[in-house]
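Following: one structure in C-alpha cells, then a few remarks.
The values are calculated or read from the model by the stated rules, or taken from the named source; none is laboratory data. Note that the structure is predicted; figures quoted are calculated from it, not measured. Cβ atoms come from the backbone with ideal geometry, glycine included; neighbour counts cover every protein chain shown.
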Amino acid sequence: MKNIRNFCIIAHIDHGKSTLADRLLQTTGTISDREMQDQALDDMDLERERGITIKSHAIQMNYNHNGEDYVLNLIDTPGHVDFSYEVSRSIAACEGALLIVDASQGIEAQTISNLYLALEHDLEIIPILNKMDLPGAMPEEVTDQIVDLIGCNPEDVIPASGKTGLGVDKVLDAIVEKIPAPKGDPDAPLQAMIFDSVFNPFRGIIAYYRVLNGSIKKGDRVKFFNTGKQYDADEIGVLKMDLSPQKSVETGDVGYIISGIKQAAEVKVGDTLTTTANPCAEAVKGFEDVKPMVFAGIYPVDTEDYEELRYSMEKLQLNDASLVFEPESSAALGFGFRCGFLGMLHMEIIQERLEREFNMTVITTVPNVSYKAFLKKDEQEVQVHNPSELPDPSKTEWIEEPFIKAQVITKSDYVGAIMNLCIDKRGELQNQVYLTQDRVEITFEMPLSEIVFDFYDRLKTVSKGYASFDYFPIGYKRSDLVKLDILLNTEQVDALSALVHRSNAFDLGKKICIKLKELIPRQQFEIPIQAAIGAKIVARETIKALRKDVTAKCYGGDITRKRKLLEKQKAGKKRMRQVGRVEVPQEAFLAVLKLND
Amino acid sequence: MVGAICQELINKSHLFQEVSIQTIYFGGGSPSFIQTENLARILDQIRENYSLEEPLEVTIECNPDDINQNFSDAIMEMGFNRISLGIQSFFNEDLELMNRAHDSDQAASAVQQLKKSGFQNITIDLIYGLPNTSMEKWKANIQQALNLDVPHISSYCLTIEEKTLLHHQIETGAIQLPTPESQLEQFVFLSETLVKEGYEHYEISNFAKPGFESKHNSSYWKNKDYIGVGPSAHSKIGNKRFWNISNNYQYIKRLKTDLNVSEEEILSEKDLFNEMLMIGLRTKWGVKLDNIRSSEFYTTEFQKELNKKIEEGFLQIEDEAIKISGVNKFIADTIISDLFIV
C-alpha cells in the first residue's frame with residue numbers, strides 16, 4: 001500500500017490534460033510508442049472531437065523510482081460543468097492531483113472550482129505549467145497566478161510540455177515523492193467507493209472503484225450500500241490499457257468489477273461496495289443521487305420511428321445513468337420522450353450520440369429547467385418539467401425556479417460587458433476579486449434557466465472568448481414566471497412554449513417571432529407567427545406567401561440537374577414537421593436558443 | 001472542334017437507326033460565332049448520317065451583333081429555318097449589366113435583316129427580374145418586342161448563379177434585385193400582354209403564335225429521344241441519359257483517340273415518373289391523368305398530395321390532364337417538388 005499513488009488531473013479544456021496524460025503512459029511503458037494513439041484516454045470519437053473527456057476512466061501505471069516499484073493510478077475526470085458530481089467522486093478517490101495550467105492561457109474558472117473541490121478533499125496538489133513549448137507561453141505571470149491560488153513556492157511549479165515531453169520525469173517523481181500513500185485498514189471489512197462505470201456490450205456494466213479499507217476477492221458476494229443490490233464478483237482486476245484480471249484488489253488500490261450488471265442505473269457513482277459476508281459498518285460519505293437539471297423533449301423526425309427511438313434511448317441509458325426519460329406526446333410533434341439531462345452539454349452529447357451511434361435524426365424541443373409550482377388550494381407542490389404541465393395561473397399561488405451560483409474568470413477589460421450580461425440574465429452580483437492585475441473572478445447568482453437561453457454564446461461574444469464559466473446549483477427561489485406560447489398560422493405549437501420571466505416576455509416573444517420568420521421557409525400561403533401570454537398576443541410577424549420558385553429554363557441538358565434539385569427539395573421537406581398546414585424545419589424548434597445569432 | 005463534332009455525329013448515328021430526325025438545334029453558347037462553312041459542314045454531316053423527316057425544323061441561336069446580310073443569307077441558304085435571337089433587353093444599361101456585346105439598336109436591325117433574308121420563324125429571348133427593372137421599363141421592353149412582330153418569345157426571370165460577380169454584388173448589397181412580388185408582377189404582365197396579342201403561353205418561359213411553338217424544345221417536354229453533340233451536350237435514348245464532358249480540349253482529344261466522351265445515368269421508373277411530372281406540369285399540355293394513374297407510383301400518399309394541391313387551387317384538371325393553374329406557374333418548382341416521389 002505504501003507504494004501506491006492515486007491521483008487525478010485538474011485542468012481546463014484544451015490546457016493539454018490528455019496529451020500530458022499520454023506522455024505519462026508512454027514514459028512508464030504502460031503504452032508502447034507503437035500503440036500510442038493521440039489522447040489515448042479518450043476512447044469515444046465524440047470526446048476526441050470535442051477535446052473533452054465525457055466519461056472518466058482510470059489507468060494503472062508501474063514506475064520505478066530510486067530502485068523501488070510504484071503503482072500509479074491515474075483517475076481521469078470529466079472536464080465539464082455538467083458532470084461536476086462525477087468529478088467530485090473521482091477527486092474523492094485520490095490523494096493527489098496534478099493541476100495543469102496552460103502557460104499561454106492562465107487559470108480558468110473551471111480549474112478553480114475543481115481545485116477547490118480537490119482542496120476540500122485534502123488532496124496534495126502538484127502544479128504544472130503546461131505547453132511551455134508555445135511561443136505565447138507566459139511562465140512568470142502564470143506561475144504567479146498559481147502561487148497566489150494555492151500558496152505554493154514558485155519553484156514547486158513544474159514547467160512541462162505534453163508535446164515535447166519536457167518535465168514528464170519531474171512530474172512522475174513529484175507524484176511519488178509528494179503525494180501521500182493511501183491510508184486504510186487492510187484487515188477491516190471491504191469498503192470501496194464507486195467512482196465510475198462503463199457499459200460493455202459483451203460484459204455488461206464494468207464498475208470502477210477505489211478500495212478504502214479491506215480487499216475484494218474474485219468470487220466474493222458483494223452488495224451496493226445505496227441500491228441494496230447484491231451480485232457475484234465474477235471478475236475483478238486492475239485497469240491497464242486493457243482490463244487486467246486479478247485474484248484480489250487490496251486496500252488503497254483502484255480496480256474494476258464485472259458482476260453481470262446490465263444497466264448503468266444499477267450502479268450509482270459515489271455508492272459503497274462491500275461484501276455480504278462481512279459488510280462494512282458505514283457507507284462512504286458524499287453520496288448523492290444526481291438529479292437532471294435540464295429537460296427537453298426528444299422526438300423522432302418520422303413519427304414511425306418512435307419505437308426505434310425508445311430502443312436507442314434505452315441503449316444509451318445502459319452506459320449513461322444520468323440520462324432519464326419518460327414518454328410524452330405533443331400536439332405538434334406526436335409521440336416522443338421528455339428527457340432529463342445534467343446540463344446543456346449533456347443534452348447536446350445525447351443528441352449527437354443518437355445521430356452517430358443509432359443513426360436517429362431527432363427533433364429536440366426548447367430545453368427548460370425543472371420548476372416548482374405551488375397551488376393556491378393547499379400550497380401543494382407540483383414539479384413542472386415541461387411548460388405545458390404548468391398549472392393554470394389562476395390556481396397557482398407562486399412558482400419557484402432553480403438558481404445557481406456562477407463563477408466567471410475573465411480579463412479586466414471585459415468585466416463591464418459581463419456584468420451587463422449577467423444583469424440582463426437576471427443575475428445578482430455577489431463578489432468580484434482580482435486574481436492578478438488583469439484577471440478577475442466574478443461571482444453572481446442567477447436563475448439556471450438563463451443559462452439554457454443562449455448564455456454561453458453571449459458570454460463568448462462579449463468577452464471575445466476570454467471568459468471561463470462554472471456554476472453549481474444553490475436551490476429554488478420564487479420567481480414571476482409566465483408561459484409564453486407561440487402560434488403558427490393561429491394554431492398554438494406546444495413544442496415552442498417556454499416559461500419565461502414576466503419582465504422578459506415581450507422582448508423574448510418578439511425575438512422568437514423574428515427568428516422563426518427567418519427559419520421557416522416561405523410557403524404557398526401567408527403564415528402569421530404570434531407570441532402570446534394566455535390570450536394576449538404580445539408579438540406578431542408574418543411570413544409572406546411564396547411568390548416565386550420556378551426555374552427559368554428546362555431543356556435537354558437541364559433536366560437531370562433540375563430533377564435532382566427538386567428531389568432534394570422534397571427530401572428536405574419530408575424531414576420537416578407539419579404543424580397544422582405549416583411545414584416547420586427542425587431547427588425552428590430550437591429557435592429560442594439562437595436568438596442572438 | 002468542328003472535326004470532333006462531325007466525328008461524334010458519325011459515332012452516334014447508330015443510336016438513330018430506326019427513327020428519323022424531326023428537329024435540329026444549334027445552341028448552347030454562340031453558334032453564330034462559327035464560320036458559315038463550318039456550320040454547313042456540320043449540317044452536311046447530319047444529312048449524310050441520319051434520315052431526316054420533313055417538315056424539318058432547323059434552329060440556330062444567334063447573337064444580334066453576329067447578324068449581317070451575308071451571315072443571314074448564308075444560313076438561309078444552308079437550310080436553317082428558325083432563328084433564336086438572344087436580345088434579352090432593349091435597354092443598353094441592362095445589356096451592359098449582363099455583359100452582352102450588342103446594343104439595343106442591333107437587336108431591332110437583326111430582326112429586320114433576318115426577315116429580309118426570308119426568315120419567318122424567329123424567336124427572341126427577353127429577361128425580366130433584372131436589378132433596377134421598374135414595371136415601366138419592363139412594359140417598354142415588351143412593347144419593343146411586340147413591335148418586332150416575331151411569332152415566338154421566350155422570357156426568363158434572371159437567375160443568379162453562385163460564384164458570379166452578380167451574386168457577389170447582390171450578397172454585398174451593391175446591387176438590389178426586385179422583390180419576388182415585383183418579379184411575379186412582371187411575369188403576370190408578360191403573360192397577360194402576350195396572350196392578349198395572340199400568343200399562347202405554352203410553357204412557363206415560352207410564348208408562341210399558333211403553329212410556331214418550338215418543335216425542338218417541345219420534344220424534350222414530350223419525352224422524345226434526342227442526341228446532343230459537342231462538349232457538355234446531353235442525349236436521351238429510352239431510359240438512358242448521357243452527357244459529354246465539358247472540357248473542350250479533353251473532348252477533342254478523346255474523340256480523336258476513340259475514347260468515351262460521356263457519362264450516363266439509367267433513369268429508374270421513379271426518375272421517369274418524377275421527370276414526367278416536372279416537365280409536363282411546366283407546359284400547357286400538363287400531365288395526362290392516364291399516364292399518372294397507370295404508374296406504380298400512383299399511391300394513396302401521392303393521391304393525397306395531388307388532391308390537396310387541387311383543393312388548394314394550385315393544380316387543376318383539364319382535358320384529362322393535370323395542369324398548374326394561372327400565376328401558380330411562378331411557384332412551379334415547389335408544386336412539382338411536393339408531388340415528387342423520393
Quiz item: What strands (runs of 3 or more DSSP E), lying completely within the stretch A:149-225, carry at least 1 residues that are more than 32 Å from the chain's Cα centre (by Cα)?
Solution: A:221-224
Practice problem: Exactly one condition in (1) on the phi < 0 side of the Ramachandran plot; (2) under 28 Å from the mean Cα position of the chain (by Cα) is not met by A:GLY465; state its number. | Solution: (1)
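If you go through the stretch A:420-430 one residue at a time, do you hit one that is surrounded by 15 or more Cβ atoms within 10 Å (Cβ to Cβ), of a type in the set (S, T, N, Q), more than 17 Å from A:GLY343 (Cβ to Cβ) and in contact with a Phe, Trp or Tyr (Cβ under 9 Å, 6 or more places away or on another chain)?
No, the stretch A:420-430 has no match at all.
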Practice problem: Spot the failing condition for A:THR410; the list is (1) over 29 Å from A:ASP470 (Cα atoms); (2) modelled with pLDDT under 90, and only one is missed. | Solution: (1)
Exercise. Return the pairs, sorted by first residue and then second, in which the second residue is loosely packed, with under 14 Cβ neighbours inside 10 Å, the first residue lies in the stretch B:218-239 and is farther than 20 Å from B:ASP271 by Cα, the beta carbons are less than 8 Å apart, and the residues are 6+ apart or on different chains.
Key: B:PRO231/B:SER246; B:PRO231/B:ASN247; B:PRO231/B:ASN248; B:SER232/B:SER246
Quiz prompt | Scope the stretch B:141-174; condition within 12 Å of chain A (Cβ to nearest Cβ) and either in contact with a His (Cβ under 6 Å, 6 or more places away or on another chain) or surrounded by fewer than 19 Cβ atoms within 10 Å (Cβ to Cβ) (or both); matching residues | solution = B:TYR156, B:THR159, B:ILE160, B:GLU161
Quiz prompt | Checking B:GLU311 against (1) within 12 Å of chain A (Cβ to nearest Cβ); (2) within 22 Å of the chain's Cα centre (by Cα); (3) free of Cβ contacts under 8 Å to residues at least 12 places away in the same chain, the condition it does not meet | solution = (2)
Quiz item: Among (1) at pLDDT 95 or above; (2) small (Gly, Ala, Ser); (3) in contact with a helix residue (DSSP H, G or I) (Cβ under 6 Å, 6 or more places away or on another chain), which single condition is A:ALA192 missing?
Solution: (3)
Quiz item: So is A:ALA545 within 14 Å of another protein chain (Cβ to nearest Cβ) and outside any helix (DSSP H, G or I) or not?
Solution: yes
Self-check item: Residue among A:ALA571, A:ALA552 that is facing chain B (nearest Cβ under 7 Å), small (Gly, Ala, Ser) and under 20 Å from B:ASN206 (Cα atoms)
Solution: A:ALA552
Quiz prompt | Residues of the stretch A:568-589 satisfying the condition of being basic (Lys, Arg), loosely packed, with under 14 Cβ neighbours inside 10 Å and outside any helix (DSSP H, G or I) | solution = A:ARG575
Quiz item: Do any residues in the stretch B:318-342 that are facing chain A (nearest Cβ under 10 Å) have Cβ atoms under 7 Å from those of residues that are among the small types (Gly, Ala, Ser), where the two are at least six apart or on different chains, and which pairs are they?
Solution: B:ILE324/B:ALA332; B:VAL342/A:ALA571
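Could you list, in sequence order, the residues of the stretch A:457-482 that are among the hydroxyl-bearing types (Ser, Thr, Tyr) and loosely packed, with under 15 Cβ neighbours inside 10 Å?
Going through the stretch A:457-482, the residues among the hydroxyl-bearing types (Ser, Thr, Tyr) turn out to be A:461, A:463, A:466, A:468, A:471, A:476, A:479.
If the condition is that a residue be among the hydroxyl-bearing types (Ser, Thr, Tyr) and loosely packed, with under 15 Cβ neighbours inside 10 Å, then A:THR461 is the only one that fits.
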Self-check item: Selection within the stretch B:148-179 - closer than 22 Å to B:GLU203 by Cβ and at pLDDT 90 or above
Solution: B:LEU148, B:ASP149, B:VAL150, B:PRO151, B:HIS152, B:ILE153, B:SER154, B:SER155, B:TYR156, B:CYS157, B:LEU158
Quiz item: Out of A:LEU273, A:LEU309, A:LEU323, which single residue is of a type in the set (A, V, I, L, M), over 26 Å from A:GLN230 (Cβ atoms) and surrounded by 15 or more Cβ atoms within 10 Å (Cβ to Cβ)?
Solution: A:LEU309
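Among B:LEU177, B:LEU194, B:LEU184, which is the only one that is in contact with a strand residue (DSSP E or B) (Cβ under 8 Å, 6 or more places away or on another chain) and either among the aliphatic types (A, V, I, L, M) or within 30 Å of B:VAL261 (Cβ to Cβ) (or both)?
Just a single option satisfies the conditions, and that option is B:LEU194.
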Exercise. Determine if the stretch A:366-380 includes at least one residue that is among the basic types (Lys, Arg), surrounded by fewer than 22 Cβ atoms within 10 Å (Cβ to Cβ), in contact (Cβ under 8 Å) with a residue 60 or more places away in the chain and on the phi < 0 side of the Ramachandran plot.
Key: yes
Exercise. For B:SER246, state whether it is of a type in the set (Ser, Thr, Tyr) and closer than 20 Å to B:TRP221 by Cβ.
Key: no
Self-check item: Test: residue in the stretch A:476-491 that is closer than 28 Å to A:VAL579 by Cβ, of a type in the set (A, V, I, L, M, F, W, C) and in a loop (DSSP other than H, G, I, E, B)
Solution: no
Practice problem: Determine which member of the set A:GLY151, A:GLY96, A:GLY106, A:GLY165 is crowded, with 22+ Cβ neighbours inside 10 Å and either touching a residue at least 60 places away in the same chain (Cβ under 8 Å) or closer than 24 Å to A:GLN407 by Cα (or both). | Solution: A:GLY106
Quiz item: Among the residues of the stretch A:12-32, is any closer than 19 Å to A:TYR256 by Cβ, modelled with pLDDT under 80 and hydrophobic (A, V, I, L, M, F, W, C)?
Solution: yes
